[in-house]
1. Decide, for region 128-173, between rounded, prolate and oblate: order the square roots of the alpha carbon gyration tensor eigenvalues as a ≥ b ≥ c, take rounded if a/c falls under 1.5, and otherwise choose prolate if a/b is larger than b/c, else oblate.
2. Through the Karplus equation 6.51 cos²θ - 1.76 cosθ + 1.60, θ set to phi - 60°, convert the phi angles of region 107-122 into ³J(HN,Hα) values in whole Hz; use x for Gly and Pro.
Amino acid sequence: VRLAEEDRSVNGNGLQVFGTVTKTPVATGADLVQYTNASTSDYLMQPHNSDIDFTGDFAFTFWARSNATGQYTFFAKQNPTTGSNSYGSTPYLFAHSNSSNELQWYYRGASTSGSLSSSASIRDGLWHHFCLMRSGGTMYVYIDGKLDSSVSFSESFANTSAPLYVGIHSYNNSFLRPLSDGGISL
């Protein structure tokens, strides 16, 4: 038995809590909560299941905010034990801020990898809505409802052992780039 955040979707796969992840209202008096204060030992994780093997069209959306000045991670779907300069050779998908304050999506399918960066800074302490969507062999990045970038990519992200991490990045049996100065919701 493990402490978990309930998944209210039809999938019913909750996020396991590791360490202490703070859950607070997104604003004074709000019912909606955010998860904050991630660290290399405090994060959320969903064990691998077929619902997170992105093989066809999909959309991955969330709200986040940050004032952080370094790189930090929103989410990562990859094996925790693989890693090299190319982040391993198995399929992965993760989103983090880069050193230019942009949202950056890294992806690898069965044989091809790449990244997409946003055109605007996302570190302003405000809430932003982020969406990575694949439709008909093209991946699109939307920020606050506006198309920001796109790339042709139709390979599968299926990885039968990769969990989904929220607020932390797994790399070579360790964790890094926690979302420590901000929050993530929905």
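1. Because a/c hits 1.5 or more and a/b fails to exceed b/c, region 128-173 counts as oblate.
2. With coefficients 6.51, -1.76 and 1.60, one gets 8, 8, x, 5, 9, 10, 10, x, 8, 10, 10, 6, 8, 10, 5, 10 Hz.
Here, each number is a calculation from the coordinates, and none is a lab measurement. Since the structure is predicted, the reported quantities are computational estimates derived from the model, not experimental observations.
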